[in-house]
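What follows is a structure written as structure tokens; I'll ask about it next.
The values are calculated or read from the model by the stated rules, or taken from the named source; none is laboratory data. For clarity, every value in this text was computed on a predicted model and none was experimentally measured. As a convention, Cβ positions derive from the backbone with ideal geometry for all residues, glycine included, and neighbour counts pool all protein chains shown.
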């Protein structure tokens, strides 16, 4: 069993890193446990609404965050995943895939991840035609027919990118209309290469070594679409499974009050994993700093 | 002994940049190929790795998919 930390932060996206910087400046005995550094910010395209940067790419902003964190010499356990967190006595116990840690306070800032379709073939063909990062892998499908699954902004983003380099882009959307920004919908509808399938859902994905196509259900009928690439952009789900000892809402988000308290004393939460409205980098940062200050107050007003 | 290292990447993928930075930090020389502008090399990457995700590292014919620090270190003998 390790030392007792003042504070353990789970996650190193915008919320976790900002919480870490604030905690380091308060000289807390601090540990960050995280699967990756930068979180979803590292996967974002262009960022034009983070005050102070009129334009910066997601990966660049994430690098700046990491640099800021490194400057304080914060102890980071990277590539490590939290598996359980619960309060025992006056401490909080964090179990990971590698070890068990104890702290007086914990901030959960584990963010969100891409939602999966949950259909036959999806796992089998991941990275073999099925991709969750159009920005990363899109160029590999240049000249090939592809499908984008989803109807929101990230799906439209992927479609806009792919219609420049693919002869045919199908958009498979489960609702009756696309729900992204009108300005993007207009552009997409203006392209002869895009075919929009509303009220449609993916039944299965098939292929041999790579994807060859997929089965679609539309209004009770089944269709077969021959595509080489499938971009899954159907939203995000919170990384909160390990935090089952905390109150979560229907969507799995951790419920916090305006001081980032969860329902369990000594455990705080911040950023996209929480029920705070609007998932934005700048909001996650603000929430991270608030959670850190709340944890500091908690530590300085309790005896351990 | 210097190993021949090739990194297949796209300019927009964060793990590609992390992988390249990791190699630089360790003083490893490598050839960087942007598969988004080179179709032939993109196919070569798919043939070598049997998949279509980036980054792919070719370290003296040992293929590493993704920024897998552990495997990269082992392959390089770091």
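Can you say whether residue A:227 is surrounded by 17 or more Cβ atoms within 10 Å (Cβ to Cβ), in contact (Cβ under 8 Å) with a residue 40 or more places away in the chain and in the same structural domain as residue A:165 (by TED's automatic domain parsing), as far as the supplied structure shows?
Spelling it out, residue A:227 is indeed surrounded by 17 or more Cβ atoms within 10 Å (Cβ to Cβ), in contact (Cβ under 8 Å) with a residue 40 or more places away in the chain and in the same structural domain as residue A:165 (by TED's automatic domain parsing).
Taking the stated definitions as given, is residue B:59 at pLDDT 95 or above and buried (at least 16 other Cβ atoms within 10 Å of the Cβ)?
Yes; evaluated as a whole, the condition is true for this residue.
Right, next: Select from the range B:11-31 the residues that are outside any helix (DSSP H, G or I) and modelled with pLDDT of 90 or more and write down the one among them that is nearest to the other protein chains (Cβ to nearest Cβ).
B:26
Which one is nearest to residue B:21 (Cα to Cα), of the residues in the range A:45-57 that are surrounded by 14 or more Cβ atoms within 10 Å (Cβ to Cβ) and touching a residue at least 40 places away in the same chain (Cβ under 8 Å)?
Checking each candidate, the answer is A:45.
Go through (1) modelled with pLDDT under 90; (2) within 23 Å of residue A:61 (Cα to Cα) for residue B:3 and report which single condition fails.
The one condition residue B:3 does not meet is (2).
Limited to the range A:113-142, what total is found for residues that are out of contact with any strand residue (DSSP E or B) (no Cβ under 9 Å at 6 or more places or on another chain), more than 7 Å from chain B (Cβ to nearest Cβ) and in a helix (DSSP H, G or I)?
So the answer is 0.
I would also like to ask the following. Which one of A:76, A:94, A:108 is within 14 Å of chain B (Cβ to nearest Cβ), surrounded by 20 or more Cβ atoms within 10 Å (Cβ to Cβ) and closer than 21 Å to residue A:272 by Cα? Walk me through how you get there before you give the answer.
Working: A:94 fails: within 14 Å of chain B (Cβ to nearest Cβ); A:108 fails: within 14 Å of chain B (Cβ to nearest Cβ).
Unique residue meeting the criteria: A:76.
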